[in-house]
Structures are given as C-alpha cells and as structure tokens.
Amino acid sequence: MPVDVFAADEQSDLAVDVGRWAVLVRSVLQAEGVRVDTEVSLLFVDEQTIADLNERFLGRQGPTDVLAFPIDDDPVPAGRSPDQGGTGPGGVSAEDDVPNLMGDVVICPAVAARNAVEHEATVDDELALLVVHGVLHLLGMDHEVDADAQRMERREQELLDRFHRRSG
C-alpha cells in the first residue's frame, strides 16, 4: 500500500530538496490514516506560475505560498467506451488496483522565503508548514470557518512536531 509522491522543482529562486519534502508528504498521509495506494504531486514553482494558478483557479490576484488541488474523481467505470457495455480495453475493472489520485500541492519557495522573514521562522520551517498545510487540504480540511481553522492549525503543529521538528 504505497504512497507515491511525484515531486518536482520547477523554479530556480531557492534550492529545494524535493526528496525531503516528498518524505514529509508520505509521513503525513500515513499519519492521517491513508492506507490505500495513493498518488500525490508536489510541485515547487516560481511566483509567476503560482500567480497564474491562483488567478485561474481561485480568481485571486498575485502569487500565494501554497495551493492544493484535490482530485475528487471516481475511477473510470469498466466497459467499452462510449456504451460501457461489457469488459473491454479502455475500462477499469473493479479488480484492478487503481491508485487513489489524491491531487496536487503547489508551493512557491520565493513566497515561502518572504513569509519566513515575516513569521520569524526559517525557510525550512515555512516550507514544512506549507507542505503539511497543502496535504491536509487534499485530505479535506480547510480554514474557512474559525473552528475548522483552529482544528487544522492544531493538526499542522502536531504533524510538524512529529515529522519536521522532532524535538525531545
């Protein structure tokens, strides 16, 4: 039951150890009870790319630090397309091991670096927070309501303490 993380660094503003952050994604998903084959994409992009995504998908101007794009699609039904009649190529049968395509987390290290200064944190701490925050969004958590925001923030800190800070 592996968790596959496809991580890529598509920016040149800040050196990023994609392997390290992919391990954090796996750790968070396992801690949150993900027990099926799961695929997640983790992308580090420049400010223009994240600004374009932010405007296109959220209608917001300018760059942001992290975006999460959960995939809620069900597996393709078995059968021939377009009539779905009987088994045939192109369909997915119930017996196939279809990985759960969880979604994409997109992070902008340049914005993270500015946030780190503002939050009096290290860039590593800020990137770790953004990775965990993005994965929790993929798992359905959000922060639109104060109670949800508090619950999400508590869980972020627990996961960071366990997998990033490793104090004590």
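Residue separation of Asp124 and Asp148 scaled by 0.36 nm, minus their Cα-Cα distance, works out to 6.1 nm of gained length.
Kindly state, as a whole number, the per residue volume in cubic angstrom of the convex hull around the alpha carbon atoms of segment 128-167. Numbers along the way, then the final one.
Details: hull volume 2.2 nm³, N = 40.
Roughly 54 Å³ of hull volume per residue.
Just so you know, all these numbers are worked out from the coordinates, no wet-lab data involved. Since we're looking at a predicted model, the values are computed, not measured.
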